[in-house]
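Working notes, structure below.
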Amino acid sequence: MATATTNPDLAPAGVEIAQKLGLLPEEFERVREILGRDPNFNELSIYSAMWSEHCSYKNSIRLLKTLPRSGPHLLAEAGEENAGLVDIGDGWACAFKIESHNHPSAIEPYQGAATGVGGINRDIFTMGARPIAQLNSLRFGDITSEARSRWHMRGVVKGIGDYGNSFGVPVLGGEVYFDPCYTTNPLVNAMSVGVVRTDRVISATSHGKGNPVFIVGSSTGKDGIHGASFASKDITDTSMDDLPAVQVGDPFMEKLLLEASLELAATDALIGMQDMGAAGITCSTSEMSAKGGAGMDIHLDRVPTRQEGMRAWEILLSESQERMLVVVKKGREAEVQAIFDKWDLNCVEIGTVTDGGMLRYFWHDELVAEVPAESLVLGGGAPVYEREVREPAYFKKNKAFKIEDVPEPDELKDVALRLLARPTIASKRWVYEQYDTMVRTNNMTTNAPSDAGVVLLKETGKALVVTVDCNGRYVHADPHTGAMIAVSEAARNIACTGGVPSGVTNCLNFGNPYDPEVYWQFSEAVRGMGDACRAFQTPVTGGNVSFYNQTVSGDNKPVPVFPTPTIGMVGLLPDVSKRMTLDFKEKGHLIFLLGQVVEDIASSEYLVMEHGIERSPAPYFDLDEEQRLHTQLLMLIREGLITAAHDVSDGGLWTALVEMGLPRGLGFDIITDSEVRPDAFLFGEAQGRAVVTVADEEQDDFLDRMRASRVPCVLLGHVTKGKLVVDEEHFGFIEDARTVYEGTIPSVMDEQ
């Protein structure tokens, strides 16, 4: 392209500028090879954003391609569209995805979390799907001792609540964990689930020479510029200087954009549509063009802006929220304009589709950047790396753990109540009461809790079952096993609810990929996730990789968060009358433990809380046993042989029993196994287990079914009116447990 101009942004830019923008010297040379010349500043800015870790997945895509991408319900290959897509029958499909907004939330918790919710919902409705459920997975530091962690939590929860409540989609479930490793780097993972007719799915593509390109929705500002680059580096003492990289959300504008987009999707005027997320106009124009094998001529001066004096590269890279790029059929412009005028939204034609695959950006008719679309995108010209791996020394130390070296406590009752007061174990009511769970009136779990969220599909009479799961401590202890556990717990939660898993989306939160020990954690976790997903026939439909979740400690040593591969899973409940809940139903029902009784306290909350031991393996886990348990649970539920089901996970059997008693104020009287240490029996977190209750009249049929299976089954005791009894020792009443369990987080969060 010609460079004879007085515009300094069009002058040739060198490697020094490239490095300041986050490109490696060898990447700068690759840009020169692609263009056949020195790039200008605008073009370098484009490549720096699109080749950032956040957009290009350059350090992860090689491993991500090893994950299973096929399954009985899959409708779209991973990465093909804005979100995953699975068939749910009757001509309907479910679109779902989870993404992180960690770095923005670390700096500005409220807007960081709010815009994460906005962005993930746009990924759903750009496919023509209406969002019907939201979930979130959150990690904070120790709120009992860190004011900063309480600040993060207040802002994040309020941001999620304010945006989601205003937008009008219920929160069906989630998880909240606390550990000092998340003090500076909180993790904010947001998931959205929507439904669409299979013949109405919209693709993020562009084709057809001469077809007009519109920008619709909000005006463009300077918020969010270089947001993708910001998310692709460590949090440091100077990260606050990057505050302009945090976007500002407007949920009411997003609601209008949702309705206008779905109205447009109902016409046949649409070629393709994509959300403007990371890297803004740059990302949407390049990805849509590359997918359709086309190019675009884009006139940046036509983009509606809300700030004076914006330069071309600022408009290109702005991540202002509530905006979409839309390509429509030539001759249908007036129809499209009328729809967005009706909803009082910007709808401006900013360019046209071209042949040849080149993206050409103009500023007042002057060509300011010219790049091949294919060179910018994942799987195209973006670089792909294979990083060094090194097993951390702590891994062998974990394996050396022996339970016999841990003393048994004298008073189990006191330990049990202390465990309920651990923020990770305690009730998250303080969080979810800030969310609207009943908007749209299709949430079936608000007053009938179950292990997974259940959302009624009013159009079909079926229900979707959704969950998010991961225990970062398990993954840190053993990344391969810990990631398998994350997938298995998600599938177990869906099975305990009566559903069958259909697909997975993931949000992989790790430290710096250039650290060989971090990359070993990442590669092992991806391997474990793939092994479990293949076992459950749940293809990975897409998601998000978030690296650089670490800070520099006082001795200048990087400290990453626990490796946290959050699993979002969607399942189908064909008959909503067969939905299973977790609550004890009435006094006298028998309580059974399904799964192996194992003397194991590894990586448990109890081990860390009571003994201060943070070096141990992942808890007991067997993938084959998990599969058998899930199959058996579904059979028991469908035949009506159990009255409640709840998986045993964080906090062990004791916590599971208390959680089952709280909804109806019922208690339990149980006997522990004399062959196993009582603390391990009550507080150990061995996997592959679930607690079920059985009415007297179903006991014989239940036991017949269990004897015919290969799933171990132990009678624990029975449901009581409210007393908690373990081995004939009175542990108090369910209301005593409620006071501790539900009062912990509110009392902590009342502190300044």
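The values are calculated or read from the model by the stated rules, or taken from the named source; none is laboratory data. None of the values given here were measured: they were computed from a predicted structure. Cβ sites come from the backbone with ideal geometry, for glycine too, and all protein chains shown count toward neighbours. The area values use the complete protein model at the heavy-atom level, side chains included, leaving out ligands, DNA and RNA. Shrake-Rupley method; radii C 1.70, N 1.55, O 1.52, S 1.80 Å.
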Cα-based convex hull, the stretch 421-460, per residue volume (Å³, whole number): 82 Å³
Mean separation of Cα contacts under 8 Å (at least 6 apart) over the residue count of the stretch 1-132, i.e. the relative contact order in percent, is 13 percent
Relative contact order, percent, of the chain when contacts are C-alpha pairs under 8 Å separated by at least 6 residues? 15 percent
Long-range amide H partners of S502 with built H, under 5 Å: V570, G571, L572
Between K458 and R62, how high is the FRET efficiency from 1/(1 + (r/R0)^6) when r is the Cβ-Cβ distance and R₀ = 45 Å? Nearest 0.05. 0.60
Computed on Cα atoms, the radius of gyration and Dmax of the stretch 392-472 in angstrom are 20.1, 57
Give me the number: length gained by fully extending S747 to K413, i.e. 0.36 nm times residue separation minus the C-alpha to C-alpha distance, one decimal in nm. 118.0 nm
If amide H atoms are modeled at 1.01 Å from N in the peptide plane, then the residues at a separation of 5 or more from V195, or on another chain, having amide H under 5 Å from its own are A95, R130, I132
Of the convex hull enclosing the alpha-carbon atoms of the stretch 596-695, the direction-averaged projected area in nm² is 7.2 nm²
Heavy atoms of the protein only, probe of 1.4 Å, neighbouring chains included. What is the accessible area of D750 in Å², nearest 10? 120 Å²
Ranked from the most accessible area to the least, with a 1.4 Å probe and all protein chains present, what is the order of D624, D531? D624, D531
Output needed for the stretch 489-549: three equivalent-ellipsoid semi-axes, defined as square roots of 5 times the C-alpha gyration tensor eigenvalues, in descending order, whole Å. 26, 11, 10
D704, D647, reordered so the largest accessible area comes first (probe 1.4 Å): D704, D647
Rounded to 0.05, the calculated FRET efficiency for the beta carbons of Q307 and E263 at R₀ = 25 Å is 0.25
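What does the charge add up to near L573, with Lys and Arg as +1, Asp and Glu as -1, over the other residues with Cβ less than 10 Å from its Cβ?
Residues near L573 contribute +2 overall.
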Using each residue's phi in the stretch 353-370, evaluate 6.51 cos²θ - 1.76 cosθ + 1.60 at θ = phi - 60° and report the 3J(HN,Hα) Karplus result to the nearest Hz, with x for Gly and Pro. 7, 10, 8, x, x, 9, 9, 10, 10, 10, 10, 6, 6, 9, 6, 10, 6, 8
Angle between the chain longest axis and helix 41-50 axis [Cα atoms, degrees, rounded to 10]: 20 degrees
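Ranked by accessible surface with a 1.4 Å probe, highest first, in what order do S488, S145 come?
S145, S488
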Helix axis angle, 623-638 relative to the chain longest principal axis, alpha carbon, degrees: 80 degrees
A correct Karplus calculation of ³J(HN,Hα) over the stretch 183-195, with 6.51 cos²θ - 1.76 cosθ + 1.60, θ = phi - 60°, whole Hz and x for Gly and Pro, returns 4, 8, 10, x, 10, 10, 10, 10, 10, 10, 10, x, 10
For T144 and M438 in one chain, what is 0.36 nm times their gap in residues minus the Cα-Cα distance, to one decimal in nm? 102.8 nm
List, largest first, the extents of the alpha carbons of the stretch 407-532 along their principal axes, each in whole Å. 49, 42, 26
Would any residue of the stretch 727-752 have its amide N under 20 Å from a label point 7 Å out along Cα→Cβ of E675? List them or say none. 727
Quick one: what are the phi-derived ³J(HN,Hα) couplings along the stretch 723-736, Karplus 6.51/-1.76/1.60 with θ = phi - 60°, whole Hz, x for glycine and proline? 7, 10, 10, 10, 6, 6, 9, 6, 9, x, 10, 4, 6, 5
Contour minus Cα-Cα distance for V714 and R37 (0.36 nm per residue): 236.5 nm
For the chain, what does the helix formula give at 222 nm: sum of -39500 (n - 2.57) over DSSP H segments with n ≥ 4, over the residue count, nearest 500 deg cm²/dmol? -10000 deg cm²/dmol
Kirkwood-based Rg over Rh for the stretch 332-395 (C-alpha set), two decimals? 1.29
Amide H partners (placed H, <5 Å) of V725, local residues excluded: F668, D669, I670, F731
For a quick check of understanding: with a 1.4 angstrom probe and all protein chains in place, what accessible area in square angstrom does S616 have, to the nearest ten? 0 Å²
Could you work out the per residue convex hull volume over the alpha carbons of the stretch 1-149, in cubic angstrom? 212 Å³
When the scattering of the chain is computed by the Debye formula from its Cα atoms alone, each counted once and equally, what is log10 I(q)/I(0) at q = 0.05, 0.06, 0.09 Å⁻¹? -0.25, -0.36, -0.79
Report, in degrees rounded to the nearest 10, the 0 to 90 angle that the Cα long axis of helix 147-167 makes with the longest principal axis of the chain. 70 degrees
Accessible-area value, S70, 1.4 Å probe, nucleic acids and ligands omitted, Å²: 90 Å²
Determine the per residue accessible area of the chain with all protein chains present and a 1.4 angstrom probe, expressed in square angstrom. 35 Å²
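Taking the radius of gyration and the Kirkwood hydrodynamic radius from Cα positions alone, what is the Rg/Rh ratio for the stretch 440-509, to two decimal places?
That ratio equals 1.05.
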Spin-label model distance (nm) - A11 vs E29, 7 Å beyond Cα toward Cβ: 2.6 nm
Over the stretch 642-743, calculate the relative contact order: mean separation of alpha carbon pairs under 8 Å at least 6 apart, over the residue count, as a percent. 39 percent
Say R0 is 22 Å: what FRET efficiency, to the nearest 0.05, do D199 and S70 get from their beta-carbon distance? 0.50
